[in-house]
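Notes to accompany the following structure.
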Amino acid sequence: MVGVVEIKGRAFLARSSRLIDGALLVGDRTAALLDADGETRLEFARSDLKFDLPLGSADRRATLPDGTLFETSDRVAVALVQDDDLGGALSNAETFGPRLAWVIVASVAGVFAIWKFALPALVWLAVALTPEALRDTIDATSLRFLDATLSEPTQLSAMRQSEVKDIFQSLTTLLPEEKNRDFSLHFRDMPGLGPNALALPGGAMVITDALVTDFTDNDVIAAVLGHELGHVVEDHGLTQLYRSLGIYVLVALIAGDTGPILEDILLEGGVIMSFSFSRAHETSADQFGLRLSDQAGYDPSALITFFETLPDADQSESGWGSTHPASGARIEAIEEFLRSN
Ligand SMILES: [Zn+2]
């Protein structure tokens with residue numbers, strides 16, 4: 001076998017019932033499970049990778065050494081790494097001696113390097129090159145998608161809406177010029193999302209009626225809006241969107257060939273809804289929001305109140321809790337940040 005075989009698929013992580021998109025990278029001695037962000041979740045010996053026998057046209061499955069279940073529809077790639085096919089190639093490789101081994105090691109390293117460094121660099125470049133107009137189009141399409149699927153018109157009184165708008169504005173006016181987007185706040189009744197707020201890449205923010213009615217304390221509203229503004233200003237949404245596109249689409253996007261690709265992204269308005277930010281993004285948005293709401297004169301510790309109150313209020317699977325998991329560690333990190341700032 002030459003270099004590394006990549007098998008795209010899905011993994012049910014061990015000790016969690018979570019299903020993630022990922023890929024197995026199989027080299028001649030070692031194999032690794034990477035998640036969709038290119039992070040290594042597990043490394044193990046190539047000899048420990050055994051796929052179940054093929055059953056008709058069903059997906060191929062392998063149980064990894066830590067109990068993670070990996071499945072893929074890429075039967076060709078699986079065939080490439082099966083022992084029988086491998087045996088001949090490996091013994092050939094051995095007759096070529098150590099030099100070929102180094103070539104193989106180098107190709108494995110090369111593929112890892114692309115996963116680890118090239119993809120984030122391309123994502124960063126694509127974010128930097130995204131024109132304001134494209135952000136606004138993504139916002140408008142996502143709002144239309146929400147209105148066609150999950151949202152009802154708001155039932156909040158005009159007075160309460162204007163109070164919340166004032167909070168929003170008191171936060172956005174503090175943002176430096178270069179962080180400025182086309183900020184706008186949209187009220188929607190979205191029973192399916194519980195108390196929630198959604199930040200779109202162009203600066204449109206959607207806030208659910210439940211958030212405003214469940215939390216009458218303006219400090220809490222400011223804390224949540226500040227957190228969401230952190231996601232916008234730091235481009236977490238676009239980053240997440242581009243990460244999900246893959247290298248080929250990114251290269252085309254950066255090269256300016258956005259026609260059909262753009263259409264695909266926009267038709268998939270739902271993609272915005274499925275954003276689940278990385279822990280690093282959540283921590284960063286927490287800290288951004290704490291600083292911002294503090295500067296605007298609100299009590300930043302209200303973010304803790306929000307997280308502590310949420311589990312009772314948030315029964316829905318698609319609610320805030322599903323995209324913003326609030327662990328004890330997260331609350332401790334917020335307390336620590338408040339103490340040291
Ligand atoms: Zn968040």
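The values are calculated or read from the model by the stated rules, or taken from the named source; none is laboratory data. Just so we're clear, the structure is a prediction, and the values are computed from it rather than from any experiment. Here the Cβ is made from the backbone with ideal geometry for all residues, glycine too, and neighbour counts use every protein chain on show.
Looking at 327, 278 in this structure, which one is within 16 Å of the ligand (Cβ to nearest atom), modelled with pLDDT under 70 and not basic (Lys, Arg)? Among 327, 278, only 327 is within 16 Å of the ligand (Cβ to nearest atom), modelled with pLDDT under 70 and not basic (Lys, Arg).
Going by the structure shown, is residue 208 crowded, with 23+ Cβ neighbours inside 10 Å and free of Cβ contacts under 8 Å to residues at least 40 places away in the same chain? If you could, list the steps in order and put the result at the bottom.
On the way: crowded, with 23+ Cβ neighbours inside 10 Å: yes; free of Cβ contacts under 8 Å to residues at least 40 places away in the same chain: yes.
So residue 208 passes the test.
Kindly evaluate residue 224 against the criterion of being within 14 Å of the ligand (Cβ to nearest atom), part of a strand (DSSP E or B) and of a type in the set (A, V, I, L, M). Considered against the rule, which asks whether it is within 14 Å of the ligand (Cβ to nearest atom), part of a strand (DSSP E or B) and of a type in the set (A, V, I, L, M), residue 224 comes out as no.
Among the residues of the stretch 210-221, those that are of a type in the set (Val, Ile, Thr) and part of a helix (DSSP H, G or I) comprise 212, 213, 220, 221. Has the stretch 186-198 got any residue that is touching a strand residue (DSSP E or B) at 6+ places or on another chain (Cβ under 7 Å) and within 30 Å of residue 116 (Cα to Cα)? Yes, the stretch 186-198 contains at least one residue that is touching a strand residue (DSSP E or B) at 6+ places or on another chain (Cβ under 7 Å) and within 30 Å of residue 116 (Cα to Cα).
Every condition in (1) more than 16 Å from the ligand (Cβ to nearest atom); (2) over 19 Å from the mean Cα position of the chain (by Cα); (3) modelled with pLDDT under 70 holds for residue 297 except the one numbered (3).
Restricting attention to the stretch 18-41, the residues being more than 18 Å from the chain's Cα centre (by Cα) and either assigned to a loop (DSSP other than H, G, I, E, B) or of a type in the set (D, E, K, R) (or both) number 3.
I'm trying to understand the selection: among the residues of the stretch 239-256, which are part of a helix (DSSP H, G or I) and either surrounded by fewer than 23 Cβ atoms within 10 Å (Cβ to Cβ) or not assigned by TED's automatic domain parsing to the domain that holds residue 180 (or both)? Of everything in the stretch 239-256, those that are part of a helix (DSSP H, G or I) and either surrounded by fewer than 23 Cβ atoms within 10 Å (Cβ to Cβ) or not assigned by TED's automatic domain parsing to the domain that holds residue 180 (or both) turn out to be 239, 240, 241, 243, 247, 248, 249, 250, 251, 252, 253, 254. Among the candidates 143, 171, the residue that is in a helix (DSSP H, G or I), assigned by TED's automatic domain parsing to the domain that holds residue 236 and farther than 23 Å from residue 240 by Cα is uniquely 171.
Each residue in the stretch 176-199 was checked for being closer than 21 Å to residue 287 by Cβ and within 16 Å of the ligand (Cβ to nearest atom), and 4 pass.
Within the stretch 8-31, if we keep just the residues that are closer than 16 Å to residue 111 by Cβ and surrounded by fewer than 19 Cβ atoms within 10 Å (Cβ to Cβ), the residue that is modelled with the highest pLDDT turns out to be 8.
Set side by side, the residues 208, 172 differ, and just one is at pLDDT 90 or above and within 16 Å of the ligand (Cβ to nearest atom), which is 208.
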